[in-house]
Amino acid sequence: RKKTIIDDIKTEGGRCGSILNVRAYWKNPKGIVLLRFKKPDSVQRCIDMMHGRWYARRQLRCYRWDGFTNYGFVEKTKEEREALEREARERLLNEEKKKDLVSV
C-alpha cells in the first residue's frame, strides 16, 4: 500500500517536472508527502494540478513547504499526554521516597 501511494504520487507529480525526492511521513495523521522538484516552477504546477483532487477517499491539500515545519513530529493525544504526566509524577514520587529512605 505504501509503495503504491509513493508510486502514484511520483507518477502524477512527474507530469509537472523532474522529481528529485519523495518523502512520506507515515506516522503523521495528516498523511504528509513531500515532493522535491529539480526546478522551482514545477512546484507551483504540481500544486495547481493536485490541490483539491481526491485520492483514496481523501481530498489532497497541496502547499509549498515553508522550509521549517517538521512533519515527522506527531503531537500526542490527550490520553498519551495524561499517561506521560502520570508516569512523570510516579517517578518523582518514587525518587522522593528513595530520598526519605537514604536520609540520615
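Pick from Glu87, Glu75, Glu12: which residue has the top mean-square fluctuation in a GNM of the chain where Cα pairs under 10 Å get a spring? Maximum fluctuation in the GNM of the chain, among the listed residues, is at Glu87.
Matching the structure-derived Cα Rg over 2.2 N^0.38 Å against the labelled list [x] 1.23; [y] 1.73; [z] 1.04 gives the label [y].
At a Förster radius of 30 Å, what calculated FRET efficiency corresponds to the Cβ-Cβ distance of Arg86 and Trp26, to the nearest 0.05? Given R0 = 30 Å and the Cβ-Cβ separation, E is 0.60.
Of the residues Arg81, Arg36, ranked by 1.4 Å probe accessible area with the largest first, the sequence reads Arg36, Arg81.
Rolled with a 1.4 Å probe across the full set of protein chains, the surface gives Tyr71 an accessible area near 50 Å². When nucleic acids and ligands are ignored and a 1.4 Å probe is applied, Phe37 ends up with an accessible area of around 20 Å². Candidate cross-link partners of Lys38 among the lysines, defined by an alpha-carbon separation under 26 Å and a same-chain spacing of 8 or more, comprise Lys2, Lys3, Lys10, Lys30.
Given 0.36 nm per residue, what is the gain on full extension from Tyr63 to Ile47 after removing their alpha carbon distance, in nm?
Details: separation 16, 0.36 × 16 = 5.76 nm, distance 0.63 nm.
Stretched fully, the Tyr63-Ile47 segment lengthens by 5.1 nm.
Dipole magnitude for the chain: about 560 debye, using +1 per Lys or Arg Cβ and -1 per Asp or Glu Cβ, origin at the Cα centre.
The values are calculated or read from the model by the stated rules, or taken from the named source; none is laboratory data. The structure displayed is predicted, hence computed values, not measured ones. So basically every Cβ, Gly included, is an ideal-geometry build from the backbone, and we count neighbours across all protein chains shown. What goes into the accessible areas is simple: the full protein's heavy atoms, side chains included, and nothing from ligands, DNA or RNA. Shrake-Rupley method; radii C 1.70, N 1.55, O 1.52, S 1.80 Å.
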